[in-house]
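Inspection log for the structure reproduced underneath, given as structure tokens.
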Amino acid sequence: MPSLPSIFKACAVCFSLLSTTINGLASSFDPPIMGWSSWNTYRVNIREELIKKQADAMISQGLKDAGYSFINIDDGFFGYRDDDGKLHTHPERFPGGLKSLSGYIHSLGLKAGIYSDAGSNTCGSIWDKDLNGIGVGLYGYEKEDADLFFNEWKFDFIKIDYCGAGQELSLEERKRYTEIRDAIDKTVGRPVYLNICRWAFPGTWAKNIAQSWRISEDISPTWNSVKHIIEKNLYLAAYAKQGHYNDMDMLEIGRGLKREEEEVHFGLWCIMSSPLLIGCDLTTIPEASLNLLKNKELIALNQDPLGLQAYVVSHKNGGYILVKDVEKERSNTRAVAFYNPSDTTCSLYLDLKDIELGGKVEVKDLLRGRFEGRAINSLTYTLAPRSVKIIKLKAEKRLEPVKYEAEWAYLPEYSDLGTKKKQVHYAYSAEASGKRVIRFVGGSSENYAEWDNVYSEKGGKYELTISYLPEAQRKLEVDVNGTKVTGLKLETFGGKGIATVTAHVNLKAGKNIIKMGSSRYWAPDLDAFTLKPLRE
Ligand code: GAL
């Protein structure tokens, strides 16, 4: 369960410093938050009694015991701001105010979450015609509202929306969210979880401000919506680290999706380490949905101490295979999802070497909670339309990785806000090995791609082979642990499919950092690289 470590007593923004030892774990970070939020089912039509009932149901349905701890009040509680600038709750919906309500939530051993907008008006005032949402946002009242929400009302979490700030005031996201975080930190003497709700990956700055950030438009209880959000998150694993997560939005489990669609929804939210905020009416949730939400093994993947998001290791036949380390980095245990988003049956083959596992491999199906025997060399699953198979593998050996896809790289300049014309991003390419290349890397020394997890068992000399799409006037600078790789000669004519360039590099034993970019010209679109040890 996410509990805030006491070393944060004085400073909320220090979440990212939590890389040292806690409870004896080598690396321990706050996992994604788990709880319930009012928006999906009730929109702005919320009231005190309703929230209390949901909090009660969290306990009586066994969800608190399963790890869910937040009760988040979304848009709809606003009343008005008075002449002194003080915010008031809705007189009919929350006559008792929010202080006693958050007290009630806390008295159940749960945590309380609240909502606001970075601008003046809430999204509800724009889209749900909730006139009480006018003039109640944080704009101009950052410290006053922080004092009210967290010191007076004692909330633990805030989701900060962007309708009023974006379409109405045209504020710049990074500056605006930084101002708000600073105001909260200066006003509140304890950690507050912050969620950025800007409906697209906002930029790598978000990790300095928030514990999670939305990466998509609003979810709806439809298969297309679930599938679309998964697609948006497939190549963002490099940004979910150390207590900071990509938020795939609130769950639509228990709201009419088919059983296998719900399994995909929950399974992928879990393995991709998204916050898990239930969005249905907890008092009437169907039994099968409730059991799915309480699946221990899937929750463990989500709350894993490494805090990693699974990345795509293979994309073939319309399906995806995703993998992540669990429990301990580079151990023999890994979690894998075989995912078929299509409307036809799909067969997915995995060479176990490609996920660095060797020898006999024990397979456990996490959705069904049963061991399925042992595999050697490979695994193949035939998946029904719109389905997922999530397994935990325990191998005899963990092998040294050979290949690194471009789409696994961390791009410090990546953003999905659509503000730049030539924005570095992960682009589709039919020729590329994982069907993805990095496009528009280079042009400045800040716009590079980084793989910080290039692993060598013993260290030594390696042959580095980079595959890319050749084009005129491209340059590539490669750096291994801070040392420039020289003598890279690129092919300069386009239209030839994938080209490769090779160099010899030195790796140290353990983790290495490789960066690729070009400080003045564009680099070519990058596909992947391999590392082969050279025997001396
Ligand atoms: C949207 C947000 C939703 C919900 C809604 C409230 O912008 O993405 O999750 O909070 O506003 O009006």
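Worth a mention:
- Residue check for Phe29: at pLDDT below 95 and either within 16 Å of the ligand (Cβ to nearest atom) or in contact with a Lys or Arg (Cβ under 9 Å, 6 or more places away or on another chain) (or both): yes
- Among the residues making up the stretch 225-251, those that are in a loop (DSSP other than H, G, I, E, B) and either touching a Phe, Trp or Tyr at 6+ places or on another chain (Cβ under 8 Å) or surrounded by fewer than 24 Cβ atoms within 10 Å (Cβ to Cβ) (or both) are Leu234, Tyr235, Leu236, Gln242, Gly243, Met248, Met250.
- Test: residue in the stretch 52-72 that is at pLDDT 95 or above, assigned to a helix (DSSP H, G or I) and among the β-branched types (Val, Ile, Thr): yes
- Of Glu217, Glu252, all but one fail to be within 16 Å of the ligand (Cβ to nearest atom), touching a helix residue (DSSP H, G or I) at 6+ places or on another chain (Cβ under 7 Å) and either among the charged types (D, E, K, R) or free of Cβ contacts under 8 Å to residues at least 24 places away in the same chain (or both); the exception is Glu252.
So that you can scan it fast, the table gives a plain yes or no per residue for (1) within 16 Å of the ligand (Cβ to nearest atom); (2) under 20 Å from Asn208 (Cα atoms); (3) among the hydrophobic types (A, V, I, L, M, F, W, C):
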site	(1), (2), (3)
Asn224	no, no, no
Ile230	no, no, yes
Tyr235	no, no, no
Gly243	no, yes, no
Met248	yes, yes, yes
Leu257	no, no, yes
Leu268	no, no, yes
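- Counting only strands (runs of 3 or more DSSP E) that sit wholly inside the stretch 423-536, those with at least 1 residues that are under 31 Å from the mean Cα position of the chain (by Cα) and surrounded by 13 or more Cβ atoms within 10 Å (Cβ to Cβ) are 425-428, 436-439, 449-456, 460-469, 477-480, 499-507, 510-517, 525-533.
- Count - residues of the stretch 213-265 that are hydrophobic (A, V, I, L, M, F, W, C) and touching a Ser or Thr at 6+ places or on another chain (Cβ under 6 Å): 6
- 2 or more residues surrounded by 22 or more Cβ atoms within 10 Å (Cβ to Cβ), away from the ligand (no atom under 16 Å from the Cβ) and not β-branched (Val, Ile, Thr): qualifying helices (runs of 4 or more DSSP H) within the stretch 78-191: 97-107, 142-146
- Wholly within the stretch 275-350, strands (runs of 3 or more DSSP E) carrying at least 2 residues that are farther than 18 Å from Leu236 by Cα and modelled with pLDDT of 95 or more: 276-278, 333-340
The rows are residues; the columns are (1) among the charged types (D, E, K, R); (2) touching a Gly at 6+ places or on another chain (Cβ under 9 Å); (3) touching a residue at least 24 places away in the same chain (Cβ under 8 Å); (4) under 23 Å from Leu50 (Cα atoms).
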{"position": "Glu262", "(1), (2), (3), (4)": "yes, yes, yes, no"}
{"position": "Phe266", "(1), (2), (3), (4)": "no, no, yes, no"}
{"position": "Trp269", "(1), (2), (3), (4)": "no, no, yes, no"}
{"position": "Ser273", "(1), (2), (3), (4)": "no, yes, yes, no"}
{"position": "Leu277", "(1), (2), (3), (4)": "no, yes, yes, yes"}
{"position": "Glu287", "(1), (2), (3), (4)": "yes, no, no, yes"}
{"position": "Ile299", "(1), (2), (3), (4)": "no, yes, yes, no"}
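- Any chance Asp304 is in contact with a strand residue (DSSP E or B) (Cβ under 9 Å, 6 or more places away or on another chain), closer than 25 Å to Tyr245 by Cβ and in contact (Cβ under 8 Å) with a residue 40 or more places away in the chain: yes
- Filter pass, Gly124 being within 22 Å of Lys52 (Cβ to Cβ) and small (Gly, Ala, Ser): yes
- The one condition from (1) closer than 21 Å to Ile71 by Cβ; (2) surrounded by 21 or more Cβ atoms within 10 Å (Cβ to Cβ) that Thr284 does not meet is (2).
- Screening Asn195 against (1) out of contact with any Gly (no Cβ under 8 Å at 6 or more places or on another chain); (2) within 12 Å of the ligand (Cβ to nearest atom); (3) assigned to a loop (DSSP other than H, G, I, E, B) leaves a single unmet condition, (3).
- Among residues of the stretch 23-43 that are closer than 25 Å to Ala310 by Cβ and assigned to a loop (DSSP other than H, G, I, E, B), those with a beta-carbon under 7 Å from a residue that is hydroxyl-bearing (Ser, Thr, Tyr) and at pLDDT 95 or above at least six positions away or on a different chain give the pairs Pro32/Ser212; Pro32/Tyr245; Pro32/Ser273; Pro32/Ser274; Ile33/Tyr193.
The values are calculated or read from the model by the stated rules, or taken from the named source; none is laboratory data. Remember, it's a predicted structure, so these values are computed and weren't measured experimentally. Here Cβ is always computed from backbone atoms with ideal geometry, including for glycine, and neighbour counts include all displayed protein chains.
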